[in-house]
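One structure is given here, and the rest of the page talks about it.
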Amino acid sequence: MEELRDCPGDARRLLLLCHRGDFEHLYQATSAAAAATAGGWRVDLVFYFDALARLISGRLDDPPSPSGEWTRGIADRLDDLPLPLPSQHLAAARATGRARVFACSASLRLVETESVVDRSGIDEVVGWPTVLDLMTSADQTLYL
């Protein structure tokens, strides 16, 4: 596994397990990654199932579904508010050199199709042994 650049060995570590593919969870995961890396933390994001499908199909920024009462109107407000989108948060985190993006190997096989795959945003495809090692070394783990 590649080490992170510009990050002291004693930096705090955040592990984000990104399972849900809805806008709200992807926004939280990527904004947490951007904030943590800006604060000097090392961040590992592991994408699974729906979140992974959105990542590899380039749909991280798809607006929330209008089905929930609180989400009505958010899609309209996204264009008006000066808020970074999930892809921008993720790019900011990666630009620090303190963030890595992993794909779950089993999830990738389940969601991958030849027509909509972009693995350029994935640093490594990993299985549970690696994820368990990441959990052991993390100071904080969030499941989103």
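Brief remarks on what is shown
- For the pair residue 106 and residue 81, the difference between a 0.36 nm per residue extended length and the Cα-Cα distance amounts to 5.3 nm.
- √(5λ) per eigenvalue of the Cα gyration tensor, segment 13-143, largest first, Å: 23, 19, 13
- Relative packing of peptides 125-135, 100-110 - highest average C-beta neighbours within 10 Å first: 100-110, 125-135
Bear in mind these aren't lab numbers, they're just calculated from the coordinates by the rules spelled out. This one's a predicted model, so the numbers in the text were calculated from it and none came from an experiment. Every residue, glycine as well, gets a Cβ built from its backbone with ideal geometry; the counts of neighbours run over all protein chains shown.
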